[in-house]
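Notes follow once the structure below has been shown.
The values are calculated or read from the model by the stated rules, or taken from the named source; none is laboratory data. Since the model is a prediction, treat every value here as computed from it, not as a measurement. Cβ coordinates were reconstructed from backbone atoms using ideal geometry, including for glycine residues, and neighbour counts include every protein chain displayed.
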Amino acid sequence: MGETMNKMLAKPEKYDRNVVDSKAREEAGRVPLRMNDRFSTLFSRDADSMPRVWIRKEDLKN
């Protein structure tokens, strides 16, 4: 068996924790991109999903 397999069998809790931790860190790196996409989706399109053009005189509602 390989070294990785031996580690998995020796301490499965530690291996599992490391896998979950690495996946969480990987996804956390994508958060800013997803936030930017969501912001663009909400503010760049109107209710009918048509591109929106903001003008200076337009009042934003809360």
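Against the definition (touching a helix residue (DSSP H, G or I) at 6+ places or on another chain (Cβ under 7 Å), at negative phi and not polar (S, T, N, Q)), how does residue 7 come out, yes or no?
Numbers: touching a helix residue (DSSP H, G or I) at 6+ places or on another chain (Cβ under 7 Å): yes; at negative phi: yes; not polar (S, T, N, Q): yes.
Against the criterion (touching a helix residue (DSSP H, G or I) at 6+ places or on another chain (Cβ under 7 Å), at negative phi and not polar (S, T, N, Q)), residue 7 qualifies.
Go through (1) modelled with pLDDT of 80 or more; (2) surrounded by 10 or more Cβ atoms within 10 Å (Cβ to Cβ); (3) among the basic types (Lys, Arg) and name the single condition residue 25 misses.
Failing condition for residue 25: (2).
Hey, can you tell me all the residues within region 28-51 that are assigned to a loop (DSSP other than H, G, I, E, B) and either of a type in the set (Phe, Trp, Tyr) or modelled with pLDDT of 80 or more (or both)? Let's see the steps before the verdict.
Step one: of region 28-51, the residues assigned to a loop (DSSP other than H, G, I, E, B) are 29-30, 46-50.
Those that are assigned to a loop (DSSP other than H, G, I, E, B) and either of a type in the set (Phe, Trp, Tyr) or modelled with pLDDT of 80 or more (or both): 29, 30, 48, 50.
In this structure, is residue 51 surrounded by 10 or more Cβ atoms within 10 Å (Cβ to Cβ) and either touching a residue at least 40 places away in the same chain (Cβ under 8 Å) or of a type outside the set (A, V, I, L, M) (or both)?
It is false that residue 51 is surrounded by 10 or more Cβ atoms within 10 Å (Cβ to Cβ) and either touching a residue at least 40 places away in the same chain (Cβ under 8 Å) or of a type outside the set (A, V, I, L, M) (or both).
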